[in-house]
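Q: Structure in structure tokens, see below.
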Amino acid sequence: MNFYVYLIISKRLNRYISYVGYTNDINKRMVLHNTSKGAKFTKGNQWKLIFKKKYLTKSKALKEEYKLKKNYKLRKFLKQKYIIKYENCNFTTL
């Protein structure tokens, strides 16, 4: 079984916020986030997947998720890269 570490972003009050998580089914997890059934932090927003990485073990995925959650510089870099590329992205539709 494969596990994924992912980074999603949403626009809230004219600024972008990010969320880092892990899962074994990225498509199902995105549906949960966008229907307000995912993590409490993600409720009420539309989210876009901007980064994912596959791991073969759950323990490795959890370790990498923790590192990404704490690495604010990398998260900011990934957000800026996405925002520049998709600046006119409409977050109300998927």
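Rule-based calculations on the coordinates, nothing more; no lab input. Keep in mind that this is a model prediction, so the values were computed, not measured. Glycine gets a Cβ as well: all are built from the backbone with ideal geometry, and neighbour counts include every protein chain shown.
Q: In nm, give the distance between the simple-model label positions of residue 56 and residue 80, each being 7 Å from the Cα along the Cα-to-Cβ direction.
A: If labels sit at residue 56 and residue 80, their model points lie 3.5 nm apart.
Q: Based on the mean of other Cβ atoms within 10 Å per residue, sort peptides 5-15, 35-45 so the most packed one is first.
A: Top of the packing list down: 5-15, 35-45.
Q: Note the full-extension length gain between residue 2 and residue 49 as 0.36 nm times their separation in residues minus their Cα-Cα distance, in nm to one decimal.
A: 15.2 nm
Q: Two-decimal Rg/Rh of the chain from alpha-carbon positions, Kirkwood Rh?
A: Rg/Rh for the chain comes to 0.95.
Q: Tell me what the chain gives for mean residue ellipticity at 222 nm when only DSSP H runs of n ≥ 4 count, each as -39,500 (n - 2.57), the sum divided by the residue total, rounded to 500 deg cm²/dmol.
A: -12000 deg cm²/dmol
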